[in-house]
Structures are given as structure tokens and as C-alpha cells.
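Here the structure is laid out as C-alpha cells; the discussion comes afterwards.
The values are calculated or read from the model by the stated rules, or taken from the named source; none is laboratory data. Given the structure is predicted, the values throughout are model-derived calculations rather than measurements. In this analysis, Cβ positions are derived from the backbone assuming ideal geometry, glycine residues included, and neighbour counts consider all displayed protein chains.
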Amino acid sequence: MEKIKVLIVDDSALTRKVLRTILEEDEEFEVIGIARDGVEAVNKARELKPDVVTMDINMPQLDGLTALQIIVNEKICPVVVVSSLTTEGALTTFEALELGAFDYVAKPGGTISAKMDVVADELRTKLKAAVRNKRRLYKERKKVTIEPEILKPKKERIREITDYKAVVIGISTGGPKTIYDVLPYLPADLNAAVFLIQHMPPNFTGQFAERLDRYCQLKVKEVEATDKVAPGICFVGKGGYHLTLYKKSEGDIIIRTPSLPEHLFKPSVDVCMESVLKVFGNKTIGVLMTGMGDDGAAAMLKIKQAGGRTIAESEETAIVFGMPARAIELGAVDVVAPSYKIAEEIIKVVNED
């Protein structure tokens, strides 16, 4: 079996050593080189032609973002960013994803970390996925066909509506970039509350929501416990917690952020979709997009069986055709569409009687 050739890029000797050990514990990997800064990273990537690169961001001479952009633009190989689990780390990670990084792994102990072993499985899984999905990553993306007035001022607050729908969007690997094909094209007066579950660690989802809010007509915010649900708002699940709903006796719908049940992902798409379904019933619209695994597929089937509507991203645009593929296999999907058509499909379903 041909091994996956990896180039490790990090200015910390300790981190380089730990990453090499983690990868070489798996016989599928071969570390063919290391680089201490962005200049060395670009030169070695060109020379060694690795299958995938692990890329630190904050480095001397040439930073990781610039090195990443060169490697991606030259289509040498996919890049997985390994960044610090901090607010500053989150900001640079989003920039990296928008520049074309396949995915990221957050260093659990800061910039220089000997604790990388706790994310060893995640790192190896994402590197393997990057290699498997290399062709999708470099495939030219079509433009979104809807052309709303993106720059028009947001409405201060949508009028109070008691009869509205709920849209739950589940997304993972490739999501921070792909979601821009959808959310900015949903109008401010959408007669639905939107719940976005993007698999992310704590400290990342707040920055993610703030970035989205700058580009969307809907108001976008990271959820807080006791937030009141209303149409025209996109609630982003908080990293490390689930997003669930509770309907009070007087009719108000309130958001809760429990840490249970235990799940591989927090927030979980399945947990959120099932909770929204209990409150909104057949007014629930489930959307499942790019990502590894099957989180959300079972809940999509429950939504469809309850009379709600379901939409899945097609293989044409999904960077990782895992989560939506599983939902399709289960017969849980009403509409399969590329990412650039999903906003249009959501609007159609929300406007149905």
C-alpha cells in the first residue's frame, strides 16, 4: 500500500517532533519533510510534492497564510492548518479556510504544544480525508445564481411573527467556506428562524458568527442560553455545547445550550435537528451539507417522516460527500442540490403554504 506523504510545517521544534510521532504511529503515513517557516514550506512543497501539508500559521519570514495561498494556488497538494485554540487563532484559521485550506486542527495547549496527542485521531482522519478529496478541493466552484442586494442595510428587527418555520443547517469539513454559498443569499425578511450547526471547538464559533454577520442579510449570532427564537435570525451553535429549544407555556421559544447528551460533536446536528423538530413539527426544514461522517442523517429522516422538508448538498460541490451522502442513502432527502442552489431551495420551501 502506498503511504500518504506528509510535509510538516511549524516553527516549534517540539511541535514538529510531536506531529511526526503522531503520524508515524499510523503505518499509512510517511513524513517526507519538515519546514520551519513559510519560505521553507513553499520550497519543500515544490521539491518533495507531498500528498498533504500540515501548516502552522504564525511563523517567521513568510507566514503560514501566505505559504498556504502559494501551495493551494499552485495546486501542489491540500493543506490542513494546525493552529492555536484561541480567539486570535480562530481569526487566522478562518482566513486560512477562505484561502483554500482543506480543514484545521486546533492545538489544545496553545501555540507550542506537547498535548497534540489528544487530537491525534482527529489530525490523522483529516489528513486522510484531505488526500481522498483532493480533486474536489481544486474543482472550480460555480457562482451562486441568486443575486440579492447583499449590501442593502439590514432591518433593525423583523416584525414579530407567530407563524414561521425553522431551518436547521448542518455542516462540517469544508463548511466555513461553503456556507458563504448559502447564508448571504437568504433575505432579511425570511419567514423562518435559522439554526446553523458547524462542527467547531469552543472559542471558534463566536468569531465564526461575527464574520458571517458582516456578509449576511439575516442577523447572525452565536447562541446564548435563554435567547428568544425569532424569524430573520441565524443562531450559530456554540462550540462545546448543544443547541436545543424549549417552548414555554405562553408560546415563546427559548434556546438552551446543554452539554449533554455525550456526543462525538458538540454541537451536534442530530441533537439540534431533533430538538427543533419537537417544537416546530412539520414546519422544520433540515439541510445537510459537506462533512465527514453521518451526523444529522438520522434526524433528517425523522424530519421527513414527520412531514417536514429536507435538502442535501450534492456530490457536485460537497468538499467531503459524507454527511449528505448518508442522508441520501437513508432516503431522508427531498431535494439534492449543489451548494450554490441551496439558498434558493430554502426560500422556496419557506414560502410554501
Practice problem: Check whether at least one residue in the range 289-303 is basic (K, R), over 30 Å from V119 (Cα atoms), in contact with an Asp or Glu (Cβ under 7 Å, 6 or more places away or on another chain) and in contact (Cβ under 8 Å) with a residue 24 or more places away in the chain, and report yes or no. | Solution: yes
Exercise. Scan the helices (runs of 4 or more DSSP H) fully inside the range 5-116 and keep the ones with 3 or more residues being in the same structural domain as P201 (by TED's automatic domain parsing), among the β-branched types (V, I, T) and more than 25 Å from Y215 (Cβ to Cβ).
Key: none
Quiz item: So is F195 at pLDDT below 95 and of a type in the set (F, W, Y) or not?
Solution: no
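Condition check ((1) of a type outside the set (A, V, I, L, M); (2) more than 21 Å from M116 (Cβ to Cβ); (3) at pLDDT 95 or above) across all residues:
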residue	(1), (2), (3)
T21	yes, no, no
E28	yes, no, yes
A35	no, no, yes
V42	no, yes, yes
Q61	yes, yes, no
N73	yes, yes, no
V81	no, no, no
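For the subset of the range 251-277 comprising residues that are of a type in the set (A, V, I, L, M) and touching a strand residue (DSSP E or B) at 6+ places or on another chain (Cβ under 9 Å), which member is surrounded by the most Cβ atoms within 10 Å (Cβ to Cβ)? Spell out how you get there, then give the answer.
Our first condition is that a residue be of a type in the set (A, V, I, L, M); within the range 251-277, this holds for 253-255, 260, 264, 269, 271, 273, 276-277.
Filter once more, so that each one left must be touching a strand residue (DSSP E or B) at 6+ places or on another chain (Cβ under 9 Å): 253-255, 269, 271, 273, 276-277.
Numbers: I253: 17, I254: 15, I255: 21, V269: 35, V271: 23, M273: 33, V276: 27, L277: 22.
For the range 251-277, the residue satisfying everything is V269.
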Quiz item: Is at least one residue of the range 328-345 surrounded by 21 or more Cβ atoms within 10 Å (Cβ to Cβ), touching a Leu at 6+ places or on another chain (Cβ under 7 Å) and farther than 30 Å from T226 by Cβ?
Solution: yes
Quiz prompt | Any strands (runs of 3 or more DSSP E) falling wholly within the range 168-267 and containing at least 3 residues that are more than 27 Å from D103 (Cβ to Cβ) and of a type outside the set (G, A, S) | solution = 244-247, 253-256
Quiz item: Which residue, of I285, I311, is in contact (Cβ under 8 Å) with a residue 60 or more places away in the chain and closer than 22 Å to D181 by Cα?
Solution: I285
Quiz item: Does the range 34-49 include one or more residues that are of a type outside the set (V, I, T), under 25 Å from A318 (Cβ atoms) and either surrounded by 23 or more Cβ atoms within 10 Å (Cβ to Cβ) or under 22 Å from the mean Cα position of the chain (by Cα) (or both)?
Solution: no
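Just a yes or no: is a residue in the range 150-170 buried (at least 17 other Cβ atoms within 10 Å of the Cβ), at pLDDT 95 or above, over 15 Å from V350 (Cβ atoms) and not basic (K, R)? It would help to see each step written out before you state the result.
Step one: filter the range 150-170 for residues buried (at least 17 other Cβ atoms within 10 Å of the Cβ), giving 158, 164-170.
Remaining after also requiring at pLDDT 95 or above: 164-170.
Among the residues that remain, those that are also over 15 Å from V350 (Cβ atoms) are: 170.
Next, from what is left, pick out any that are not basic (K, R): 170.
Yes, that holds for at least one residue.
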